[in-house]
Amino acid sequence: MRLRRRLRHRRPGRGPGPDRAGGRRGLLPAVQHRDDDARGGVPGPRRRVRGAVRRGLRAAHRRAPHRAQRPGRRGGRGPGGRRRGVPHRRGHRLTGPTVAGVSAPTTAAAVVDTAVAHGVEVVLGVPGTHNLELYRHVQRHVAAGRLRHVVPRHEQGAGYAADGWARATGRPAMVLTTSGPGLLNALTAAATSYADSVPALYVSPGVPRGEEGRDLGTLHETRDASGAVGRLLAASTRADGPATAAAAVARALAPGGRRRPRHVEVPLDVMELPWDGAVPARVPYEPPVPAPDALARAAALLRGDVVVLAGGGALDAGGPLRAVAEALDAPVLTTTAAKGLLDEDHPLAVGAHVRLRAAQEALAAADAVLVVGSELGDSDLWGGAVVPRAAVRVDVEEGQLDKNLAAGELAALHGDAGATLAALLPLLAPRRRGGADRAAALRARCRAEALRDAGPGAELAEAVGRVLPGDAVLAGDSSQVAYYGAVHFTRRDRPRRFCYCPGFATLGYALPAAVGAALALPGAPAVALVGDGALMFSVQELMTAVEQRLPVVTVVVDNGGFREIRDGMLARGIPPLAVDLERPDLVALARAFGADAEPVPAGGLEDALARALQRSLERRRPGVLVVDLT
């Protein structure tokens, strides 16, 4: 009995080992045997643990000699309060295979095995008391070389890294959190991916069946986690058994369509239910193609001077899109999600300038506009609109075909971007309409307009572009250096090499997204462009980059806080408040994490940054360059 009581009240993660400094979700297997008496499920502490269970507990105690948690230590609600990493006595008991180490397949195995069978290559997660059974099976696949696990230093960083992975590859990663606070920490990142149609699989435990909304005071209790997440993402499934869980994972990872993040919640009392081992089959994707008469009508509309506008839904249709643009001799604009879809040095490429008035005027003046895979949202147009005389719109989601587009004449093509463009191409008579000259003139007008906003961001972005290899990923934060700078002034020659989140526009995105992209593309460097204010939202992920030995270089533009918001306050006649921030010594902070770091002198800024970035990229390890613009 003394042994069992000691184990129950020890706080996981506070003993020797790599988790010592952050023990709120320790890694000690939390085996809580609840002997319910006949009077309503109150734990009965007088029954003894016998046989193999007793020996297993003793072995666990010998392997993990953690110190007992004193009341009131960091990590609780207060003196004697329940702590986030420790199972509460009224919570679900975690029994069975935890002690023996060998078990028949369970719901937890169904989730992880299905994810691996359907193509998941990496799990980005933080272990906690409630998700240990899921980790049992993650570890099994890691040991077999089928899966990689990376632990970011915050669940939001896990979500942003999954976003960067998916943008760089087109394939979803799995984000694994504990219940309650772990899942909620990840939701801003999940909603960021939803806003930009980026796929991901989120998995978390949940309260046992029948305890939803009962306010029992159990560990990590949430009233309706799945319901809340379902309001933010494409779907959230609360599994009632292993077959339901496996099917939900398979749906989340299915190819085709408008892919967005999905969540699977596994109630604690479902986690260890037996599973028959049947992994749902992968269903081949058959891309939808419009009917021949719809294609013929669209081809007839694409006459005269045409402009092409491509969005993130066209990312995997680069070849057909280029062929159609060349057949039409049409300049090509892109949204930020599709930056580099057509090599930005191609004669017909204009760039990711669709927010600018010059670009929107060109779309309105064209005889017809071909819109491929874009929702034409305000996050791309910045208060503008696309109002062409005639338009052909291609989208894999039928509900998008009539949104945000006021065309005099419209041909709506419901279909996969690549398959639809390939079917449209033979119906187009090649022509010469001075497309290269029109594109060059529009590029010049867009550049002049963008320079009025950019300030030093243009110089910084062009310095990055001078030395950035073609296979490198550039991740931009919701910082002026990204949306005024890199979007317009750093050229990309291929798709999926620019990560930026215009929809949710979250601060702290760029560094963990660059980590995810670097994990996805071994050998390719990644550069994060971030302001000093945004960096402090996710600076801890420098530790992840160092731990994983990733060639991630973070360029920090220090302008003294939240400069864009400061400018907005002044424009409205509001005296600046809470926007001029104290900052740490960013070079020293980066070195404390184990990264290389150096300041970039302000004199001759473009050349100085280009040289410093070249040095850092050649080291092929985490680096931080701090540009002081204060």
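The values are calculated or read from the model by the stated rules, or taken from the named source; none is laboratory data. Here the structure is a predicted model, which means the values were calculated and not measured. For neighbour counting, all protein chains shown are included, and Cβ atoms are generated from backbone atoms with ideal geometry for every residue, glycine included. Ligands, DNA and RNA are excluded from the accessible area calculation, which covers all protein heavy atoms including side chains. Shrake-Rupley method; radii C 1.70, N 1.55, O 1.52, S 1.80 Å.
Would you work out the relative contact order for the range 406-557, in percent, from Cα pairs under 8 angstrom that are 6 or more residues apart?
On the way: 206 pairs, mean separation 30.4, N = 152.
Over the range 406-557, the number comes to 20 percent.
Relative contact order, whole percent, for the range 292-439 stands at 31, derived from Cα pairs under 8 Å and 6 or more residues apart.
Would you mind telling me the antiparallel percentage of the DSSP bridges in the range 455-628, rounded to 5? Write down the numbers at each step before the final one.
Working: 1 of 24 bridges.
Close to 5 percent.
Taking a sphere under 10 Å around the Cβ of Arg209 and counting the other residues whose Cβ falls inside, with K and R at +1 and D and E at -1, yields a net charge of -3. Across the range 292-439, counting alpha-carbon atoms alone, Rg and Dmax equal 13.3, 36 Å. Expressed to the nearest 5 percent, the antiparallel share of DSSP beta bridges inside the range 534-628 is 10 percent. What the Kirkwood sum gives for the range 511-630 is a hydrodynamic radius of 14.9 Å, with every pair of different alpha carbons counted. Measuring max minus min along each principal axis, the C-alpha atoms of the range 279-342 give extents of 52, 32, 16 Å (largest first).
Using a 1.4 angstrom probe with every protein chain in place, what is the largest-first accessible-area order of Tyr202, Tyr194? Intermediate values should be presented prior to the final figure.
Values: Tyr202 5, Tyr194 70 Å².
In descending accessible area the options line up as Tyr194, Tyr202.
Each residue of the range 130-174 gets 81 Å³ once the volume of the Cα convex hull is shared out per residue. Amide H contacts under 5 Å for Asp329: Arg431, restricted to partners 5 or more places along the chain or on a different chain, H placed in the peptide plane at 1.01 Å from N. Using the Cα coordinates of the range 432-565, the gyration tensor eigenvalues translate into equivalent-ellipsoid semi-axes of 27, 19, 11 Å, sorted from longest to shortest. Distance from the Cα centre of the range 544-623 to that of the range 457-484, in angstrom? So the two Cα centres are separated by 13 Å.
Relative intensity of the range 223-306 on a log10 scale, I(q)/I(0) at q = 0.15, 0.18, 0.20 Å⁻¹, equals -0.70, -0.85, -0.96, per a Debye sum over C-alpha point scatterers of equal strength in the absence of solvent.
Kirkwood radius and radius of gyration were both taken over the C-alpha atoms of the range 541-588, and their ratio Rg/Rh is 1.18.
So how far, in whole Å, is the C-alpha centre of the range 305-357 from the one of the range 196-235? When both Cα centres are located, 40 Å separates them.
Heavy atoms of the protein chains alone define the surface here; on that basis the range 292-439 has 36 Å² accessible area per residue at 1.4 Å probe size.
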